[in-house]
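Notes to accompany the following structure.
A short reminder: the numbers here are calculations on the coordinates, not readings from a lab. Since this is a predicted model, take the numbers as computed values, not measurements. So basically every Cβ, Gly included, is an ideal-geometry build from the backbone, and we count neighbours across all protein chains shown.
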Amino acid sequence: MFVTQYIKDVFGAIKSLGIGMRRTLWYFVRPKEIITQQYPDNKDTLVLAERFRGEVVMPHDENNEHACTGCTACELACPNGSIKIVTKFDITPEGKRKKAIDQFVYRLDMCTMCNMCVVACPSDAIIMANDFEHSVYDRTRLTKILNKPGSKVRDGIE
Amino acid sequence: MWSLENITKSVDSWLNLQFSPTIAFLIEAVIIMVLVIGLFAFLGLVLVYMERKVSSFMQIRLGPNRVGPMGIFQTAADTLKLIVKEGFTPNNVDKFLFNLAPFIVMVVAMVVLAPFAFSKGFQIWDVNVGIFFITAVSSLGVIGILTAGWSSNNKYSLLGAMRSGAQIVSYELSAGLTILVIVMLTGSLRISDIINAQADGWWIFKGHIPAIIAFVIYIIAATAETNRAPFDMAEAESELTAGFHTEYSGMKFALFFLAEYANVFIVCAIGATLFLGGWMPLHFGENNWFNTIMDYIPGIVWFFGKAFFLIFVIMWFRWTFPRLRIDQLLNLEWKYLLPISLFNLLLATVIAITGWHF
């Protein structure tokens with residue numbers, strides 16, 4: 001019937017609007033639910049999710065050793081050429097020549113944080129860090145050398 | 001006892017004692033003008049802040065919180081910015097109408113304020129057609145909006161103004177019919193009579209079913225008449241940039257903005273006067289201890305409390321409901337609100353004649 005449908009429409013509309021209004025009032029009277037981060041003020045206590053991808057870093061242990069063998073898998077995986085690996089040859093105590101990295105050049109200004117280099121790395125030498133405050137006054141400072149000076153590859157990683 | 005009525009009476013008698021009646025009248029007119037402008041400035045500052053805070057809390061945000069404690073000086077800073085801005089008039093607009101339009105909107109909002117009773121005896125003009133005067137004059141505001149849209153020489157402005165015209169003309173009907181319900185129950189158009197009739201209970205309680213239906217329809221129509229979301233066809237940020245005031249900047253824009261919030265206050269004050277008793281404290285029956293306690297709260301607090309409660313409800317609507325399309329908007333009015341309010345008027349007539357209200 002048209003009339004019953006009309007009345008049903010009116011009451012159904014009032015009911016559904018009431019559900020929406022109850023939800024907004026629920027949030028209105030609970031200021032603790034506010035999710036806004038007061039960013040520059042809470043810099044010290046800011047907690048980011050572990051999965052957040054800020055930049056590529058190469059972790060070094062206390063002996064200034066990293067896990068990068070210079071295999072260039074990450075350089076090949078990078079879709080926009082943000083990684084450039086310069087290799088050199090070390091002389092081992094047995095007198096053999098061994099390939100190692102000289103410079104791990106990482107260009108943050110070209111990086112899209114796609115995580116493919118981290119996935120491609122066979123020895124987990126690079127990871128994604130949480131740091132997101134990348135602004136600098138000169139763009140050349142966005143080209144970073146990830147391996148620290150004097151560092152070498154950890155023993156036992158081929 | 002201290003009351004606003006005594007203050008106005010003593011000022012009036014003192015002025016008449018000092019000056020001739022004509023000069024006393026002129027001085028009183030100036031005092032009233034200053035008070036009205038002061039009220040509007042206060043409303044502009046408070047309501048914008050309130051809107052921003054209500055919206056932010058409903059959307060799980062913090063809202064303005066940098067200028068002063070809890071951001072209470074944010075609107076003052078915004079006003080300062082708007083005053084300093086250049087009052088820009090684009091080429092190819094109708095310069096006279098373009099500059100006139102914000103003042104029409106503003107003056108209409110100020111004139112509507114005349115018959116309002118803010119407290120017992122604190123009223124500018126207790127005219128015998130009070131509520132009729134209010135509905136008649138508040139409809140003139142759309143002329144200012146149409147003038148602004150037409151003179152801007154801009155498609156968006158014209159579209160927004162035309163939509164606003166269609167919308168206000170439609171929703172005036174159901175707003176008028178719901179006001180008639182209370183006029184019928186009271187038997188008078190005079191604001192002071194309507195308020196005095198609620199001395200033993202507000203109309204929303206005394207008038208039961210027709211008054212509650214009328215109240216709901218009035219709130220919906222009032223939201224539409226003030227061009228606020230979910231009925232913000234006239235502004236429609238997503239489609240028309242800013243609707244009728246697209247071309248306005250600086251203080252002329254601020255006048256439109258202020259008039260919008262003044263109109264929100266006015267429709268809510270009408271709602272508070274008709275359905276919630278105006279300045280009348282919460283009374284049940286006659287002469288009992290509950291009424292005596294409630295009488296200790298001054299009338300102006302009751303009036304502004306009720307008006308601000310209704311303003312909160314309208315803001316709550318705005319930040320909860322999705323926008324309506326223009327055809328949905330007109331459907332809602334002509335197919336739902338108008339038939340329901342006509343039937344409601346019939347019901348109210350029966351109740352008023354047979355005396356079935358309390």
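At R0 = 25 Å, how high is the FRET efficiency between A:Glu65 and A:Thr87 if r is their beta carbon distance? Nearest 0.05 is fine. Provide the component values of the computation, followed by the final result.
Values: r = 17 Å, r/R0 = 0.69.
The calculated FRET efficiency here is 0.90.
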Per principal axis, descending, Cα span of chain B in whole Å: 64, 57, 43
Residues listed by number, the range B:189-203, amide nitrogen under 19 Å from B:Asp12 label point at 7 Å toward C-beta: B:190-196
Paramagnetic label zone (point 7 Å from Cα along Cα-to-C-beta, B:Glu239; backbone N under 16 Å) in the range B:325-345: B:325-333
In nm, spacing of pseudo-spin labels at B:Asn153 and B:Ile326 (7 Å Cα→C-beta vector): 2.3
Theoretical FRET efficiency, 1/(1+(r/R0)^6), r = Cβ-Cβ of A:Thr140 and A:Asp9, R0 51 Å, to 0.05: 0.15
Amide N proximity, the range B:310-331 versus A:Trp26 label position 7 Å along Cα-to-Cβ, cut-off under 19 Å: B:316-322
Taking B:Ser56, B:Ser164 and counting other C-beta atoms within 10 Å, the order from fewest to most: B:Ser56, B:Ser164
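For a footprinting-style exposure proxy, rank B:Ile297, B:Ile220, B:Ile191 by other Cβ within 10 Å, fewest first. Each step should come with its number before you reach the end.
Values: B:Ile297 12, B:Ile220 23, B:Ile191 26.
With the fewest neighbours first, B:Ile297, B:Ile220, B:Ile191 line up as B:Ile297, B:Ile220, B:Ile191.
Loop only by DSSP, 13 or fewer other Cβ within 10 Å of the Cβ. Give me the chymotrypsin sites (Phe, Trp or Tyr not before Pro) in the range B:1-66 that pass, ordered by residue number. Kindly include the intermediate steps, with their values, before the conclusion.
Details: sites: B:Trp2, B:Trp14, B:Phe19, B:Phe25, B:Phe40, B:Phe42, B:Tyr49, B:Phe57; in loops: B:Trp2, B:Phe19.
In loop regions of the range B:1-66 (DSSP not H, G, I, E or B), the sparsely surrounded chymotrypsin sites (Phe, Trp or Tyr not before Pro) are B:Trp2, B:Phe19.
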Which of A:Ser16, A:Ile83, A:Pro59, positive extreme of dipole for chain A (C-beta unit charges): A:Ser16
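For chain A, what value does the Rg/Rh ratio take when both radii are computed over Cα atoms and Rh is the Kirkwood radius, given to two decimals?
Working: Rg = 27.1 Å, Rh = 20.3 Å.
Expressed as Rg/Rh, it is 1.33.
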Chain A: angle of helix A:2-28 to the longest principal axis, Cα-based, in degrees nearest 10: 50
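In debye, nearest 20, what is the charge dipole magnitude of the protein assembly as shown about its Cα centre with +1 on Lys and Arg Cβ and -1 on Asp and Glu Cβ, if you could check? Could you put the intermediate results ahead of the total?
Numbers: 42 positive and 42 negative charges, 165 e Å.
Here the size comes out at about 800 debye.
Take the cross-link list B:Lys120/B:Lys206; A:Lys32/B:Lys85; B:Lys81/B:Lys120; A:Lys8/B:Lys53 and give me the ones stretching past 28 Å between alpha-carbons.
Correct reply: A:Lys32/B:Lys85; B:Lys81/B:Lys120; A:Lys8/B:Lys53.
Which whole number gives the average, over all residues in B:317-328, of C-beta atoms from other chains lying within 10 Å of the residue C-beta? Before the final figure, lay out the partial values.
Details: counts 4, 0, 4, 10, 4, 1, 0, 0, 0, 0, 0, 0.
Other-chain Cβ atoms within 10 Å of each residue's Cβ, averaged: 2.
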Span per principal axis, largest first, for the Cα atoms of the range B:207-329 (Å): 57, 35, 19
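Quickly estimate the mean residue ellipticity at 222 nm for the protein assembly as shown, helices only: each DSSP H run with n ≥ 4 gives -39500 (n - 2.57), and the total goes over all residues, rounded to 500. Intermediate values should be presented prior to the final figure.
Numbers: 19 runs with 279 residues, N = 516.
Using -39500 (n - 2.57) per qualifying helix, the result is -17500 deg cm²/dmol.
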Positive dipole terminus of the range B:1-71, leading residue within B:Trp14, B:Ala24, B:Ser55 (C-beta point charges): B:Ser55
Taking B:Trp279, B:Trp356 and counting other C-beta atoms within 10 Å, the order from fewest to most: B:Trp356, B:Trp279
By average C-beta atoms within 10 angstrom, highest first, the peptides A:115-128, B:246-259: B:246-259, A:115-128
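Mind putting a number on the dipole of chain B about its Cα centre? Charges go on the C-beta only, +1 for Lys and Arg and -1 for Asp and Glu, and I need it in Debye to the nearest 20. Intermediate values should be presented prior to the final figure.
Details: 20 positive and 22 negative charges, 137 e Å.
Here chain B has a charge dipole of around 660 debye.
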Label-to-label distance, nm, for residues given as B:Glu28 and B:Tyr296 (7 Å Cα→Cβ offset): 3.4
For the protein assembly as shown, diffusion coefficient by Stokes-Einstein and Kirkwood Rh (Cα), 20 °C, 1.002 mPa s, µm²/s: 76
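Report Rg/Rh for the range B:154-224, rounded to two decimals, where Rg is the Cα radius of gyration and Rh the Kirkwood radius. It would help to have the intermediate numbers written out before the result.
Details: Rg = 15.8 Å, Rh = 13.6 Å.
Ratio of gyration radius to Kirkwood radius for the range B:154-224: 1.16.
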Signed unit charges on C-beta, dipole axis of the range B:108-206, positive-most listed residue B:Ser164, B:Phe116, B:Ile182: B:Ser164
